[in-house]
Amino acid sequence: MSQGTFFGGEQTRCLAPRGLIKVLDLDVKIEEYHSKDHLANFPLGKVPCFIGDHGYKLTEVTAIMIYFLSLKEEESPLLGKNPKEYAQILRWISFANTEVVGTSAKAFGIILGRAPFNKKVFDEGYTETEKLVDIFESRLNDFTYLVGERLTLADIFAASCFYRAFDLMWGKEFVAKHKSLARWYKTVVSTPYLNWFFKDFKFLTSPVEPPKPVKKEKAKKEEAPKAKKAEKKPAPEDDEPVVEEKKPKHPLEALGKPTIPLDEWKRTYSNEETREVALPYFWDKFYNEEEWSLWKVDYKYNDELTLTFMSNNLVGGFFNRLSASTKFMFGCMVVYGENNNNGITGAFLVRGQNEIPAFDVAPDYESYAFTKLDGKKAEDRAFIDNMWAWDQPVDVNGEKREIADGKVFK
C-alpha cells in the first residue's frame, strides 16, 4: 500500500523531502503543486505538503521530513544521537527555513525578475544574507557539519536553502572569503540526498547581474548644447578598408517576413472588440501555422507569489526584458487568484516553431515553463482566446480562478 503523496516540485523547500523519498526508497508518490488533488486537499496551494493513508495530512517542511524518516526507522542517525543533538538539528532547520530563504530572496528574487529592481532592497538582501552566512561560517570553522561530525537532516535542509544564493548571488570572491561554508555546501550537495538535483555542481565565477530597470524618456527633451565642430579626420589610406559596425541581428530575422505583418494583427487587437472582431480575424485570416507557433507560458514559482499587484509587476518586468523580441511575438499574461494565493499564466504567438530565440533575450525566461499549443485543438484555442480576451476565469487543474490583473505584450 502506498504511504501517500508528496506535493512539490523543485522549489527550495521541496528538495530535501524529495531527497529523503529517493534515498529511503519510500513508497511515496511525487506530484507537482496545483494538481487537482493538491488543491482539493490543500486549498492554499502551498508546497511542500503531504497526504497519507486515511486522509492523514501534513504541511510545513520540518514536520514532513521528520515523518518521512519515521517511516523507515524510528531512530534515524539523521536526527542525532541524543535529545540535545536533536534539538540542535531542529534549531538549524528552523533558522535556515525562517531566515536564510526569506532574506536571500530579497536579492535573488530581483535577479530572477520576481520583483521589480530596487537597489536598496537588493543591497539589503546581500548584506543581510552575509550576516547569516557569518553564523554558519563560524560554526563550520570548528565542525565538519552543523551538528557534530556527521551528516544530519540539518545539513541536508540548510544546504538546500542556500541553493539560490550559490546559484545566483555568490562568485569566487565570496567562496574565497567563506571557505568553511563552501566546503560544507559542496560536500552536502554531493550526497545522495541532494546530488540528484545538484548535478556536476560548480561555484559561480561571478554573481549574476540583476536586470536593470528601463529608464523612461523625459516628456520634454532638454535643449541640446551646441555641438563643437568635429575635428576633420584624415581620410583612410587606399588600402585600408572602412568597416562599418553593424548591430547584431535578432536570430528570428533569418525567417524573413511573414505573409501578413505582425503589426496588422496588433492593430486589429488594439482597435477592435476582442471576441467579436479581433479573434475571428486572427484565426480566419492572420494565423499561419507554418510561420507562427503558439505557446502557453506559466510562471514556475507560483507558490512564492504574495500580493497580486506584485505578481503583475513581475510580469511587467519580464515584458520589459523581452523588448528585443517585440517584432517577433505577441501575447498576454494574467494573474489569477487573490493575495497570497495567485498564479501567472498566459499565451503567446511566436515567429517560427521554437520559443527559445524569442524568449531568451530576457535573462529570467528560465523562471517560466513553455508548452506548445495546437491552434487546431478546441481546448488550446479556447485557452488562447481567454488569455487574449480576459473575460472568463482561468481553468487551473479543474478549478475556476478569477483573473485579478494582467498585461499585454505588443
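Summed over qualifying helices (DSSP H, 4 residues or more, each -39500 (n - 2.57)) and divided by its residue number, the chain shows a 222 nm mean residue ellipticity of -10500 deg cm²/dmol. Among residues other than HIS38 with Cβ under 13 Å from its Cβ, the summed charge is -1 (Lys and Arg +1, Asp and Glu -1). GNM remark for the chain: springs join alpha carbons under 10 Å apart, and the peak mean-square fluctuation among ASN82, ASN313, ASN397 falls on ASN82.
With a ≥ b ≥ c taken as the square roots of the eigenvalues of the C-alpha gyration tensor of the chain, please select rounded if a/c is under 1.5 and otherwise prolate if a/b is larger than b/c or oblate if it is not? The shape class here is oblate.
Taking each of LYS72/LYS131; LYS172/LYS296; LYS327/LYS376; LYS327/LYS407; LYS22/LYS199 in turn, the alpha-carbon distance tops 27 angstrom for LYS72/LYS131; LYS172/LYS296.
Determine the sum of side-chain charges near MET329: Lys and Arg each +1, Asp and Glu each -1, restricted to other residues whose C-beta is under 11 angstrom from that of MET329. Net of charged neighbours comes to +3. Each Lys and Arg contributes +1 and each Asp and Glu -1, all at the Cβ; summed about the Cα centre of the chain, the dipole is approximately 1120 debye. Summarised as an ellipsoid, the stretch 272-410 has semi-axes of 23, 19, 13 Å, derived from the eigenvalues of the Cα gyration tensor scaled by 5 and square-rooted, with the largest first. Remark: the stretch 32-97 carries 56 Å² of accessible area per residue (probe radius 1.4 Å; ligands, DNA and RNA excluded). Efficiency by 1/(1 + (r/R0)^6): what FRET value for ASN339 and VAL408, r their Cβ-Cβ distance, R0 = 35 Å, to the nearest 0.05? That pair, ASN339 with VAL408, gives E of 0.95. Taking all protein chains as they are arranged and a probe of 1.4 Å, the heavy atoms of SER206 leave approximately 70 Å² accessible to solvent. Net charge in the neighbourhood of GLY4 (other residues with Cβ under 13 Å of its Cβ; Lys, Arg +1, Asp, Glu -1) is -2. Taking a point 7 Å out from the Cα of LYS266 in the direction of its Cβ, the residues of the stretch 355-382 whose backbone N falls within less than 17 Å of it are 358-359, 361-362. Label sites at ASP374 and ASP53, each approximated as a point 7 angstrom past Cα along Cα to Cβ, lie 4.2 nm apart. Relative to the longest principal axis of the Cα atoms of the chain, the long axis of helix 179-189 lies at roughly 90 degrees.
Considering only beta bridges that DSSP places wholly inside the stretch 1-117, some 60 percent are antiparallel.
So, with a 1.4 angstrom probe, what is the percent of accessible area on the chain that is carbon and sulfur? Don't skip to the end; give the middle numbers.
On the way: 11490 of 22670 Å².
The value for the chain is 51 percent carbon and sulfur by accessible area.
Of all DSSP-defined beta bridges confined to the chain, some 90% are antiparallel rather than parallel.
Mean sequence separation of contacting Cα pairs (under 8 Å, at least six apart), scaled by the length of the chain, corresponds to a relative contact order of 14 percent. In the context of the full set of protein chains, the stretch 153-209 has a per residue accessible area of 44 Å² (1.4 Å probe).
Rounded to the nearest 0.05, what FRET efficiency do THR205 and LYS119 give with R0 = 41 Å and r taken as the Cβ-Cβ distance? Could you check? E between THR205 and LYS119, to the nearest 0.05, is 0.95. Once you order the gyration tensor axes a ≥ b ≥ c over the Cα atoms, which shape class does the stretch 100-146 get: rounded for a/c under 1.5, otherwise prolate or oblate by comparing a/b with b/c? Prolate shape, in that a/c is at least 1.5 and a/b is the bigger ratio.
With a cap of 15 neighbouring Cβ atoms within 10 Å, and only residues DSSP puts in a loop, list the GluC sites (Glu not before Pro) found in the stretch 42-138.
Numbers: sites: GLU60, GLU73, GLU74, GLU75, GLU85, GLU99, GLU124, GLU128, GLU130, GLU137; in loops: GLU60, GLU73, GLU74, GLU75.
Within the stretch 42-138, the qualifying GluC sites (Glu not before Pro) (loop, at most 15 other Cβ atoms within 10 Å) are GLU60, GLU73, GLU74, GLU75.
The values are calculated or read from the model by the stated rules, or taken from the named source; none is laboratory data. Given the structure is predicted, the values throughout are model-derived calculations rather than measurements. Cβ coordinates were reconstructed from backbone atoms using ideal geometry, including for glycine residues, and neighbour counts include every protein chain displayed. The area values use the complete protein model at the heavy-atom level, side chains included, leaving out ligands, DNA and RNA. Shrake-Rupley method; radii C 1.70, N 1.55, O 1.52, S 1.80 Å.
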